[in-house]
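Peer 1: Have a look at this one.
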Amino acid sequence: MVLSIFGKRIVVTGAGQGIGRALALRLSKFGGKVIAVSRTQKHLDTLFQEDPKIEIITADLADWESTRAAIEGAGRIDLLVNNAAAARLDRFLDVKPDDVDVLFNVNLKSVINVSQVAAKSMIATGNGGSIVNISSQASQAALKDHAVYCATKAALDQLTRVMALELGPHNIRVNAVNPTVVMTDMGRVGWNDPEKAASMTSKIPLGRFAEVDEVVDAVVYLLSNRSSMINGVTLPIDGGFLAT
């Protein structure tokens, strides 16, 4: 399958670890000119050591102005993956104002900010582009202790649809992927208790969590020309969790 990744300038946020890191490495392997964004310098340094072709930008996505300046300074943007996210888990009755501010700033507001810069760049080149937002099954399923996180991801899904509607006439496609628990290093630590894991996998028809590459494969497809008529979708990568 030939992919239209080679030579494209691709911004990946939250690229220091997990899905974002794997995406940056895969897209670079396919010949993309990856600009990796993270707030943690040491993670970017090790990413650059692993693949020196990847450009790195240190930015705190919760800071609108500094992030905007950093992304604008990256030059032309052809493709974008909004992967960065924050999570604070607590019972609804214990949610604090700071939890709401932090999660909405990172999980939604930063997506608007970075996507505005990227979309304006895509429009200026006249070549269109593709944006993929990393959402979650939590956007469509209520999860205990995830009140604010679920709300941010539900908002991200609707933002994805509006972006697809408004940017489509510029030949810019916008889609989201909605994974279940993903076996990143953090995911393995968080779900290594067999009893805790079983409480979730028992609701997944395939009976297991997602592997990082299974999310990366879907995102690469949505970025590429092989999905040229797919716009405004929220794609579950959940083994059937949302189908039950």
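Each reported figure results from applying straightforward, stated rules to the coordinates on display, with no laboratory input. Everything numeric here is computed off the predicted structure, so don't read it as measured data. FYI the Cβ positions are ideal-geometry reconstructions off the backbone, even for glycines, and counts take in every protein chain you see.
Peer 1: Over all Cα pairs of the stretch 117-230, how is the pair count split among 5 Å bins, expressed in % and running from 0 up to the last occupied bin?
Peer 2: Answer for the stretch 117-230: a P(r) of 2, 11, 17, 20, 18, 13, 9, 6, 3, 1, 0 percent.
Peer 1: Could you pull out every whole DSSP H run in the chain that spans at least 20 Å of Cα extent along its own axis and averages 0.5 or higher on the Kyte-Doolittle scale?
Peer 2: Span-like helices in the chain: 110-125, 147-167.
Peer 1: Quote the charge dipole size of the stretch 50-173 about the Cα centre in Debye, to the nearest 20; the model charges only the Cβ of Lys and Arg (+1) and of Asp and Glu (-1). Each step should come with its number before you reach the end.
Peer 2: Working: 12 positive and 16 negative charges, 88 e Å.
That gives the stretch 50-173 a dipole magnitude of about 420 debye.
Peer 1: Provide, in order from the shortest bin, the percent of all Cα-Cα pairs of the stretch 1-125 in each 5 Å bin, continuing until the bin that contains the maximum pair distance.
Peer 2: Result returned by the calculation: 2, 12, 21, 22, 19, 12, 7, 4, 2, 1, 0.
Peer 1: Under the rule that an exposed site lies in a DSSP loop and has at most 10 other Cβ atoms within 10 Å, name the longest stretch of the chain with no trypsin sites (Lys or Arg not before Pro) of that kind, not counting the sites themselves. If you can, show how the numbers build up before the last one.
Peer 2: Values: sites that count: ARG91, LYS144.
That would be 145-244.
Peer 1: What length, rounded to one decimal in nm, is gained on full extension from SER199 through to LEU89, with 0.36 nm per residue of separation minus their alpha-carbon distance?
Peer 2: Numbers: separation 110, 0.36 × 110 = 39.60 nm, distance 1.70 nm.
My answer for the length gained is 37.9 nm.
Peer 1: Next question. Relative contact order of the chain: what whole-number percent is it, with Cα pairs under 8 angstrom and at least 6 residues apart? It would help to have the intermediate numbers written out before the result.
Peer 2: Numbers: 468 pairs, mean separation 46.8, N = 244.
Contact order relative to length: 19 percent.
Peer 1: About its Cα centre, how strong a charge dipole does the chain have in debye, to the nearest 20, once Lys and Arg get +1 and Asp and Glu get -1 at the Cβ? Present the calculation step by step, with values, prior to reporting the outcome.
Peer 2: Working: 25 positive and 25 negative charges, 116 e Å.
The dipole of the chain has a size of about 560 debye.
Peer 1: Give LYS53/LYS153; LYS109/LYS196; LYS120/LYS153; LYS42/LYS120; LYS42/LYS153 a once-over and call out the pairs whose C-alpha atoms are over 26 Å from each other.
Peer 2: Working: LYS53/LYS153 32 Å; LYS109/LYS196 32 Å; LYS120/LYS153 24 Å; LYS42/LYS120 30 Å; LYS42/LYS153 28 Å.
Long pairs (Cα-Cα over 26 Å): LYS53/LYS153; LYS109/LYS196; LYS42/LYS120; LYS42/LYS153.
Peer 1: Right, something else. Roughly how compact is the stretch 172-241, stated as its Cα Rg over 2.2 N^0.38 Å to two decimals? Intermediate values should be presented prior to the final figure.
Peer 2: On the way: Rg = 13.9 Å, N = 70, 2.2 N^0.38 = 11.1 Å.
So the Cα radius of gyration is 1.26 times the expected 2.2 N^0.38 Å.
Peer 1: Using only the Cα atoms, work out Rg/Rh for the chain, with Rh taken as the Kirkwood radius, to two decimals. Present the calculation step by step, with values, prior to reporting the outcome.
Peer 2: Numbers: Rg = 17.2 Å, Rh = 18.1 Å.
When Rh is taken as the Kirkwood radius, the ratio is 0.95.
Peer 1: A further question follows. Which one, ASN82, ASN127, ASN178, has the greatest fluctuation when you compute a Gaussian network model over the chain with C-alpha springs under 10 angstrom?
Peer 2: It is ASN127.
Peer 1: Can you give the helix-only mean residue ellipticity at 222 nm for the chain, where every DSSP H stretch with n ≥ 4 adds -39500 (n - 2.57) and the sum goes over all residues, rounded to the nearest 500 deg cm²/dmol? Working shown, then result.
Peer 2: Details: 9 runs with 102 residues, N = 244.
Calculated at 222 nm, the ellipticity per residue is -13000 deg cm²/dmol.
Peer 1: Considering amide H positions built from the backbone, and no H for Pro or chain starts, which residues 5 or more places from ASN133, or on another chain, come under 5 Å of its amide H?
Peer 2: ASN82, ASN175, ALA176, VAL177
Peer 1: How about LYS96: which aspartates and glutamates have a C-alpha closer than 13 Å to its C-alpha, ignoring those fewer than 8 places off in the same chain?
Peer 2: Partners found: ASP145.
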